[in-house]
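First comes the structure, then the notes that go with it.
Nothing in this text is a laboratory measurement; each read-out follows from the coordinates by a stated rule. Note that this is a predicted model, so its numbers are computed, not measured.
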Amino acid sequence: MKNNNEITTELFWDCDCDTDYIHTKNDSVCLICKAEQECAPDSLKDEVIDYLCELLGFPTRFSP
């Protein structure tokens with residue numbers, strides 16, 4: 001059984017960039033590192049939640 005921080009979502013995928021590596025499935029290729037969505041792993045659920053919180057200006061798990 002996977003623990004909670006290993007659960008992925010099929011709505012997002014990770015490219016090879018060190019930052020800003022979460023993409024929606026609408027993006028087929030990362031414009032920076034050229035990773036292709038079909039060859040990339042699905043994003044971790046907790047990382048997607050943090051990413052969306054940052055975009056919307058809400059605290060993340062890592063906020064002080």
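A few points about this structure:
- Scanning residues 5 or more positions from Val29 or on other chains, those with amide H under 5 Å from its amide H are Gln37, with H placed 1.01 Å from N in the peptide plane.
- Compared with the dominant principal axis of the Cα atoms in the chain, helix 45-56 is inclined by about 80°.
- Of Lys34, Lys25, Lys45, the residue with the greatest mean-square motion in the GNM of the chain, using alpha carbon springs below 10 Å, is Lys34.
- Structure-based [θ]222 nm, the chain - -39500 (n - 2.57) summed over DSSP H runs of at least 4, per residue, nearest 500: -6000 deg cm²/dmol
- Extents of the range 4-56, largest first, come to 28, 21, 19 Å (Cα atoms, principal axes, whole angstrom).
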